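The values are calculated or read from the model by the stated rules, or taken from the named source; none is laboratory data. This structure is a prediction, so every number in the text was calculated from the model and none was measured. For neighbour counting, all protein chains shown are included, and Cβ atoms are generated from backbone atoms with ideal geometry for every residue, glycine included. Keep in mind that these areas ignore ligands, DNA and RNA; they rest on the heavy atoms of the full protein, side chains included. Shrake-Rupley method; radii C 1.70, N 1.55, O 1.52, S 1.80 Å.
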Amino acid sequence: MISIKSKEEIEIMKKAGRIAEKVLDDFNLFIKAGITTDQLDSRAKEIIEREGGIPAFKGYKGYPGNICTSINDVVVHGIPKEEALKNADIISIDVGVMYEGYFSDSARTYAVGNASKDAQRLMDVTKKSLYTGIAEARANGRLSNISHAIQSYVESHGYSVVRALVGHGIGSKMHENPEVPNYGEPNKGIVLMPGMTLAIEPMVNEGSYDVEVLGDGWTVVTKDGKLSAHFEHTVLVTKDTPEILTEWRKKKQ
Ligand code: MF3
Ligand code: CO
């Protein structure tokens, strides 16, 4: 079943979304060489709690962090630790917030200091692929149009989309139906309806899309050791243009 959210529920989800964005906006300046991922984790916790939210990932299926911090060849679910960022690393930060019983989920990849041209291009393409997918989250359109738009955009730039992990419905649970793959044929899957809320989250690899999970049971890395980037928004399907619930000011894309 796919839940349709009421106006009231959407308002709460927007607040949850704003809190996640506060963390990600704060990290624009906070992320620099020398900072550890543990420090990012405590700062995120502080901001989320100050705003009245609860870090949604902590304890989820036993996940130990408040956020995910995924450096370079780590695709997603990197666990914060005593590890300092280095100049030219790229780091994907994934933040989930629960607020008054509702969830938001959002992610961005950042350059630490000066990223290489190649890394910057990977991040740009990944971000753009997210917005290309979001544009397809339209009432009466089929779900896989999102997937197809992301895959086509990414592959036309020479990168690959991860298959092993997908986006998802979101609401009073962090993971709801439907699954939202970042690849696939167009015009398949459910017909989207106003009030559906989706976490759309392309994970894009510089090399092959194959990934593996490290011994900690969480950290997902690229098999070939090449870079990976991740951007995510929580999106509401409306009668007209999709509304991004994890974007609280209209920003340039
Ligand atoms: N955005 C990720 C997802 O949708 C966050 C889950 S991390 C976890 O799967 F640690 F909470 F599992
Ligand atoms: Co998610």
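Determine whether residue 137 is closer than 17 Å to residue 2 by Cα and in contact with a helix residue (DSSP H, G or I) (Cβ under 8 Å, 6 or more places away or on another chain).
Values: closer than 17 Å to residue 2 by Cα: yes; in contact with a helix residue (DSSP H, G or I) (Cβ under 8 Å, 6 or more places away or on another chain): yes.
Answer is yes for this residue.
Which ones in region 80-115 are within 21 Å of residue 209 (Cα to Cα) and open to solvent by 20 Å² or more (accessible area, probe 1.4 Å)? So that I can check it myself, show each step before the final result.
At the first step, the residues of region 80-115 found to be within 21 Å of residue 209 (Cα to Cα) are 89-94, 107-110.
The one that is within 21 Å of residue 209 (Cα to Cα) and open to solvent by 20 Å² or more (accessible area, probe 1.4 Å): 108.
Here's the yes/no breakdown for (1) touching an Asp or Glu at 6+ places or on another chain (Cβ under 7 Å); (2) of a type in the set (D, E, K, R):
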residue: 5; (1), (2): no, yes
residue: 34; (1), (2): no, no
residue: 58; (1), (2): no, yes
residue: 66; (1), (2): yes, no
residue: 71; (1), (2): yes, no
residue: 74; (1), (2): no, no
residue: 102; (1), (2): yes, no
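Mind counting the residues in region 52-89 that are farther than 22 Å from residue 199 by Cα and either hydrophobic (A, V, I, L, M, F, W, C) or within 15 Å of the chain's Cα centre (by Cα) (or both)?
Qualifying residue count for the region: 3.
Being touching a Ser or Thr at 6+ places or on another chain (Cβ under 9 Å) and either part of a loop (DSSP other than H, G, I, E, B) or more than 16 Å from ligand 1 (Cβ to nearest atom) (or both) is true for just one of 81, 128, 86. Which residue is that?
Working: 128 fails: touching a Ser or Thr at 6+ places or on another chain (Cβ under 9 Å); 86 fails: touching a Ser or Thr at 6+ places or on another chain (Cβ under 9 Å).
None of the other options fit; the residue is 81.
When region 166-183 is examined, which residues are found to be touching a residue at least 40 places away in the same chain (Cβ under 8 Å) and more than 16 Å from residue 134 (Cβ to Cβ)?
171, 172, 173, 174, 176, 177
Report, by residue number, each residue of region 198-227 that is in contact with a Lys or Arg (Cβ under 8 Å, 6 or more places away or on another chain) and open to solvent by 50 Å² or more (accessible area, probe 1.4 Å). Walk me through it before giving the result.
We begin by selecting, within region 198-227, every residue in contact with a Lys or Arg (Cβ under 8 Å, 6 or more places away or on another chain); these are 205-212.
Across region 198-227, the qualifying residues are 206, 209, 210, 212.
Would you be able to tell me the number of residues in region 158-180 that are open to solvent by 50 Å² or more (accessible area, probe 1.4 Å), under 20 Å from residue 211 (Cα atoms) and more than 13 Å from ligand 2 (Cβ to nearest atom)?
First pass over region 158-180, keeping only residues open to solvent by 50 Å² or more (accessible area, probe 1.4 Å): 158, 163-164, 172-173, 175, 177, 179.
Adding the requirement that they be under 20 Å from residue 211 (Cα atoms) leaves 158, 163-164, 179.
Pick out the ones that are also more than 13 Å from ligand 2 (Cβ to nearest atom) and you get 158, 163-164.
Residues in region 158-180 being open to solvent by 50 Å² or more (accessible area, probe 1.4 Å), under 20 Å from residue 211 (Cα atoms) and more than 13 Å from ligand 2 (Cβ to nearest atom): 3 in total.
Among what's in region 62-73 and is within 16 Å of ligand 2 (Cβ to nearest atom) and either open to solvent by 20 Å² or more (accessible area, probe 1.4 Å) or assigned to a loop (DSSP other than H, G, I, E, B) (or both), pick the residue that is farthest from residue 91 (Cα to Cα). Spell out how you get there, then give the answer.
Of region 62-73, the ones within 16 Å of ligand 2 (Cβ to nearest atom) are 63, 65-70.
Add one more test, that the residue is either open to solvent by 20 Å² or more (accessible area, probe 1.4 Å) or assigned to a loop (DSSP other than H, G, I, E, B) (or both), and what stays is 63, 65-67.
On the way: 63: 19, 65: 15, 66: 16, 67: 12 Å.
That would be 63.
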